[in-house]
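As structure tokens, the structure follows; a few thoughts come after it.
The values are calculated or read from the model by the stated rules, or taken from the named source; none is laboratory data. Note that the structure is a prediction, hence the values are computed from the model and not measured. Neighbour counts run over all protein chains shown; Cβ positions are idealised from the backbone, glycine included. Areas reflect the complete protein model, heavy atoms only, side chains present, ligands, DNA and RNA absent. Shrake-Rupley method; radii C 1.70, N 1.55, O 1.52, S 1.80 Å.
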Amino acid sequence: MPRCPTMLRILCLVSCALLIPSRADPGALMKLGMEFMNKAVKDAMDESQILEKMAAMANQQGSGVKPIKGMTGMKVKDVRPPIITLDFLPEVGIFQCVSTQITITGKSFIGGTMEITVVVNITANNRLSQDEATGLPTFHSEGCQIILVSVKTNLPSNMLPKVVNKFLDSTLQKVLPGLMCPAIDTVLEFVNQKWTHLMDPRPVGEAGSIKYVLSGTPTTTAKYIEVDFNPVVQREDGDTIDLPEDGAAITILEDYPDGSSQLVLSATFVAAEFTLLQKSFDVDIKGKTIGKLPPHTTKTVARFVPRVGKAYRKPVPLMTQIRINKPPKVIMKPDKSELHLHGTIEMFAVSPKSGPSSMFVLETHFILDIQYSLSEDKVNMVTSMDKLLDLSVASSSIGSFKVKKLKKFLTSLLQEAYVPIINGALEVGFPLPAFLDMKYGQSELAIKENALVVDLRKP
Ligand SMILES: *[C@@H]1O[C@H](CO)[C@@H](O)[C@H](O)[C@H]1NC(C)=O
């Protein structure tokens, strides 16, 4: 009956498709691969000095190490640096195996020093969840087990089985879990502590802050842990900037080497920071001399707009007012990122006697090219003039004129006088999430479709 399985499959396809939760695209996400997690856990082991602590604990009175018949003065002589193996457990977190060698010494009843060397594997599932109180990612271990891999002693072989078996029964199986499983927990606590500042607001100069808020429990796949964020971009006065819902989707990239990790920032999220800084994009360009440009006067403009020459027979200094009246947009394509600004350019003749008087207001849409680079805790951005896309006359006090001839002049003016001011405002940088001691300085950054991708590498 081939029909039934087919029906079933169709049913499953339908219902399984329905089961996939529809969720909004995260504004930012990170994928932590195995190389990164290995380093994070190894750092935690080193910092926690867990081995030293274990050895000290085992030697404490009342540590639970029961005397072995025929053996006195038992001591843990040596704990070898462990081999730690991690594996991703899809939908759970990380499987952790700590393989270590422990040497216990004592006096045997026949006189000499007795040494027992055991190799044990401690295994546990480190479940990853979102802490209810703090909202932070957190690991906790489950099902810790001790696997005895090998036992060696310097006892005469004829008495080996009996004594060793006793030792194993009475001591290792009972005592080691109590001794070693807390060690796994201690290491995890150190890992967990490294997320503490993940959701702290990170200042963007004086303008406001960015907060990397988790959008839910991190997910684990066979290859990585994914942490999704709903970043909160907040102004100094407390207002938040909504990330547009219609923002282009982040394409989840799978074209990276196994084990690697990345942080993905959506173009809409990056744009929200520009919106935060939007006020500083309103600029008044004053002064006669601007770089190598012809003098910033009515005489220069008259070359492109003859009506200006008619209105001002003698050269009068100019003031060019640029006002951005829509939230900036960021467009990202592979290797290219554009900042789209919409607003007005108003030119004033500033007569020394009567002060500024408006000559005309132009509606404009122009594009700056954005270059990104990384420092330890932020993305740095520098812009350059790309092109003036639209230019039209909104109002004019000197009569109607054709604006086309002004394009080249205004493009140079924006590059020389406007872009440096924008770049100054951007020096605050774009703060990146603080977690697991990540320093971004050595990482690489790439512009992809609708997203900025930071290749995470622990130094
Ligand atoms: C113990 O751990 C080591 C290192 O990860 C591994 O090679 C070995 O297979 C494990 N042995 C057992 C019995 O689990």
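Couple of notes before you dig in:
- If you go through the stretch 392-433 and keep only what is farther than 21 Å from residue 282 by Cβ and touching a helix residue (DSSP H, G or I) at 6+ places or on another chain (Cβ under 7 Å), you end up with 398, 399, 401.
- The stretch 398-418, residues that are surrounded by 13 or more Cβ atoms within 10 Å (Cβ to Cβ) and polar (S, T, N, Q): 411, 412, 415
- If you go through the stretch 373-397 and keep only what is open to solvent by less than 40 Å² (accessible area, probe 1.4 Å) and part of a loop (DSSP other than H, G, I, E, B), you end up with just 375.
- Every residue from the stretch 137-150 that is surrounded by fewer than 18 Cβ atoms within 10 Å (Cβ to Cβ) and away from the ligand (no atom under 16 Å from the Cβ): 140, 142
- Criterion (away from the ligand (no atom under 16 Å from the Cβ) and either at pLDDT below 75 or open to solvent by 90 Å² or more (accessible area, probe 1.4 Å) (or both)) met by exactly one of 24, 44, 28, 40: 24
- The requirement of being within 16 Å of the ligand (Cβ to nearest atom), part of a strand (DSSP E or B) and among the acidic types (Asp, Glu) is not satisfied by residue 78.
- Residues in the stretch 443-459 that are in a loop (DSSP other than H, G, I, E, B) and open to solvent by 50 Å² or more (accessible area, probe 1.4 Å): 449, 457, 459.
- Some residue of the stretch 64-83 being within 31 Å of the chain's Cα centre (by Cα) and at pLDDT 75 or above: yes
- Selection status of residue 319, closer than 20 Å to residue 363 by Cα and assigned to a strand (DSSP E or B): yes
- Residue within the stretch 409-421 that is in a loop (DSSP other than H, G, I, E, B), among the hydroxyl-bearing types (Ser, Thr, Tyr), at pLDDT 95 or above and assigned by TED's automatic domain parsing to the domain that holds residue 345 present: no
- Of all residues in the stretch 351-360, those satisfying the criterion of being surrounded by fewer than 18 Cβ atoms within 10 Å (Cβ to Cβ) and not polar (S, T, N, Q) are 352, 353, 355.
- Breaking point among (1) within 15 Å of the ligand (Cβ to nearest atom); (2) open to solvent by less than 50 Å² (accessible area, probe 1.4 Å), for residue 153: (1)
- Scanning the stretch 300-310 for residues that are of a type in the set (S, T, N, Q), in contact (Cβ under 8 Å) with a residue 40 or more places away in the chain and open to solvent by 40 Å² or more (accessible area, probe 1.4 Å) turns up nothing.
- Residues that are of a type in the set (Phe, Trp, Tyr), open to solvent by 30 Å² or more (accessible area, probe 1.4 Å) and more than 14 Å from the ligand (Cβ to nearest atom), drawn from the stretch 84-136: 109
- Within the stretch 193-208, being over 11 Å from residue 437 (Cα atoms) and surrounded by fewer than 18 Cβ atoms within 10 Å (Cβ to Cβ) holds for 200, 201, 203, 205, 206.
- The set of residues in the stretch 334-352 that are among the acidic types (Asp, Glu) and part of a loop (DSSP other than H, G, I, E, B) contains only 335.
- Residue 440 being among the aromatic types (Phe, Trp, Tyr), within 25 Å of residue 328 (Cβ to Cβ), touching a residue at least 12 places away in the same chain (Cβ under 8 Å) and not in a loop (DSSP other than H, G, I, E, B): no
- Condition check for residue 149: under 24 Å from residue 89 (Cβ atoms), within 31 Å of the chain's Cα centre (by Cα) and either in the same structural domain as residue 54 (by TED's automatic domain parsing) or modelled with pLDDT of 70 or more (or both): no
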